[in-house]
1. For residues that are at pLDDT 90 or above and outside any helix (DSSP H, G or I), scanning just the range 1-35, find the one that is nearest to residue 53 (Cα to Cα).
2. Tell me whether the range 38-50 contains one or more residues that are surrounded by 13 or more Cβ atoms within 10 Å (Cβ to Cβ), over 10 Å from the mean Cα position of the chain (by Cα), at pLDDT 90 or above and of a type outside the set (Gly, Ala, Ser).
Amino acid sequence: MGDRVWQVPQDQFITVWNDARSLDEAAAKFKALVNGNVPCWAVMARAMSLRKDGIALKPLTRSVPLPA
């Protein structure tokens, strides 16, 4: 399930990420792109990997914070 986000080409991932207003919106857009479930943790893992490689991505947060 989490591997689906890696099917999105890097340039398309960056565009979707930077156009999104929240992590939840980005995950929903990736879900539509791959026609399947894309969990937020997988989206964050891909974003962290890109940042580690020097790619600039804007900071995103969840629309609704996780419960404490």
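1. 9
2. Checked the range 38-50: at least one residue is surrounded by 13 or more Cβ atoms within 10 Å (Cβ to Cβ), over 10 Å from the mean Cα position of the chain (by Cα), at pLDDT 90 or above and of a type outside the set (Gly, Ala, Ser).
The values are calculated or read from the model by the stated rules, or taken from the named source; none is laboratory data. Every value quoted in this text rests on a predicted model; they were computed, and no experiment measured them. When we count neighbours, we look across all protein chains shown, and the Cβ atoms used for this are built from the backbone with ideal geometry, even at glycine.
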